[in-house]
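S.K.: So that we are looking at the same thing, I have put the structure below in C-alpha cells.
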Amino acid sequence: MEHDFKVKTHWSGGRNEKGIFEADHLKGEISIPSELGGMGDASNPDELLVSAAGSCYIISLAAALERSRFTDVVIEQESVGTASLKEGKFKMVKITHHPKITVNEAEYTKLEKQLERITEIADGNCMISNSIRGNVEIEIDAEIDVK
C-alpha cells in the first residue's frame, strides 16, 4: 500500500525572500533561518523537519500508551533538532524527543515499569522516525509525572 502526501510550495526572488507552502491541512510561510543568514521571520525546513518528527512521535506514543491500557494520560513534549556543519554542508544529525507523560497515581508504577518498551514501540511505529533513521540519530528522553 502506498499513499502520497502532497505539499505545494512557491518561492519568488532570492534567498532573503519568503515562500509559502500548503497541504491539505497545513499552510504557512517559509524562509531561511536567521542563524543561517536568512530573514528568519517564517518557518524554515529545519523546524518543519523537527516538527514532523515530534508530531509523528507524540501521536505514536499516545497510540502505544493506549494499546498498553493507559487511558488517563497527558503528554507534553519538546523535540530538539541538532544540526551540524560538516564539509561546508548543514545536516540534521540528531533529534531528541523529551516527552513528559502525566498519569494518575494508580498508573505511575505500571508506566514506570513499561516506559522503555513503550517509548521504543512508539519510535518504531513512527513513519518519520523510520524514514530518517540511519541518517539522523533519534533519541528519546521520557519522564513521568503524576496528576
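S.K.: List the GluC sites (Glu not before Pro) in the range 72-104 that DSSP assigns to loop (not H, G, I, E or B) and whose Cβ has at most 12 other Cβ atoms within 10 Å. Which are they? Display every interim value, and only then the final one.
M.R.: Details: sites: Glu76, Glu78, Glu87; in loops: Glu87.
Here the sparse-neighbourhood loop sites are Glu87.
S.K.: Right, here's the next one. Which length gain, in nm to one decimal place, applies between Leu36 and Asp24 when the Cα-Cα distance is subtracted from 0.36 nm times their residue separation? Intermediate results must be reported in sequence, preceding the final value.
M.R.: Working: separation 12, 0.36 × 12 = 4.32 nm, distance 2.93 nm.
My answer for the length gained is 1.4 nm.
S.K.: Explain nothing, just compute: Karplus ³J(HN,Hα) = 6.51 cos²θ - 1.76 cosθ + 1.60, θ = phi - 60°, for every residue of the range 69-84 in order, whole Hz, x for Gly and Pro.
M.R.: 6, 9, 9, 10, 10, 10, 10, 10, 9, 10, 10, 10, x, 10, 9, 9
S.K.: Counting only C-alpha contacts under 8 Å and six or more residues apart, can you give the relative contact order of the range 84-147 as a whole percent?
M.R.: Details: 66 pairs, mean separation 36.6, N = 64.
The normalised contact order for the range 84-147 reaches 57 percent.
S.K.: To the nearest 20 debye, what is the magnitude of the charge dipole of the chain about its Cα centre, counting +1 on the Cβ of each Lys and Arg and -1 on the Cβ of each Asp and Glu?
M.R.: Details: 17 positive and 26 negative charges, 76 e Å.
Dipole magnitude for the chain comes out near 360 debye.
S.K.: Let me ask something else about it. Would you work out if the range 20-61 is rounded, prolate or oblate? Take a ≥ b ≥ c from the square roots of the eigenvalues of the alpha-carbon gyration tensor; rounded if a/c is under 1.5, else prolate when a/b is larger than b/c, oblate otherwise. Before the final figure, lay out the partial values.
M.R.: Working: a/c = 4.28, a/b = 1.58, b/c = 2.71.
Oblate.
S.K.: A further question follows. Which distance in nm do the two modelled labels at Gln77 and Thr109 give, with both placed 7 Å along the Cα-to-Cβ direction?
M.R.: 2.8
S.K.: Another question, if that's okay. Please give the contour-minus-distance gain from Lys86 to His10: 0.36 nm per residue of separation, less the Cα-Cα distance, rounded to one decimal in nm. Don't jump to the answer; show the numbers that get you there.
M.R.: Details: separation 76, 0.36 × 76 = 27.36 nm, distance 2.88 nm.
Full extension of this stretch gives 24.5 nm more.
S.K.: Right, here's the next one. Could you tell me how far the Cα centroid of the range 1-49 sits from the Cα centroid of the range 107-147, in Å?
M.R.: Using only Cα atoms to place each centre, the spacing works out to 28 Å.
S.K.: Can you give the calculated 222 nm mean residue ellipticity of the chain, where each DSSP H run of n ≥ 4 adds -39,500 (n - 2.57) and the sum is split over every residue, rounded to the nearest 500 deg cm²/dmol? Walk me through the intermediate numbers first.
M.R.: Values: 3 runs with 50 residues, N = 147.
Result for the chain: -11500 deg cm²/dmol, rounded to the nearest 500.
S.K.: Mind listing the long-range amide H neighbours of Ser43? Cut-off is under 5 Å, sequence gap 5 or more, other chains count too, H placed in the peptide plane at 1.01 Å from N.
M.R.: Glu29, Ser31
S.K.: Expressed as a rounded percentage, what relative contact order does the range 1-43 have, with Cα pairs under 8 Å and six or more residues apart? Please report the intermediate quantities before stating the final value.
M.R.: Working: 69 pairs, mean separation 11.5, N = 43.
This gives 27 percent for the range 1-43.
S.K.: On to the next question. Against the longest alpha carbon principal axis of the chain, how many degrees, from 0 to 90 and to the nearest 10, is the axis of helix 105-125 turned?
M.R.: Between helix and principal axis, roughly 40 degrees.
S.K.: Something else: Against the longest alpha carbon principal axis of the chain, how many degrees, from 0 to 90 and to the nearest 10, is the axis of helix 45-67 turned?
M.R.: 20
S.K.: Something else: Take every Cα pair under 8 Å in the chain that's 6+ residues apart, average their separations, divide by the length, and report that relative contact order as a whole percent.
M.R.: Working: 232 pairs, mean separation 28.2, N = 147.
Computed value for the chain: 19 percent relative contact order.
S.K.: A further question on this structure: Please arrange Leu85, Leu115, Leu36 by counting, for each residue, the other beta carbons lying within 10 Å of its beta carbon, fewest first. Write down the numbers at each step before the final one.
M.R.: Numbers: Leu85 9, Leu115 17, Leu36 13.
Fewest-to-most Cβ neighbours within 10 Å comes out as Leu85, Leu36, Leu115.
S.K.: Sticking with this structure for a sec: Could you check the simple spin-label distance between Ser43 and Ser55, using points 7 Å along Cα→Cβ, in nm with one decimal?
M.R.: 0.6
No lab work stands behind these numbers, since they all come straight from the coordinates. If you're wondering where the values come from, they're calculated on a predicted model, not measured in any experiment. FYI the Cβ positions are ideal-geometry reconstructions off the backbone, even for glycines, and counts take in every protein chain you see.
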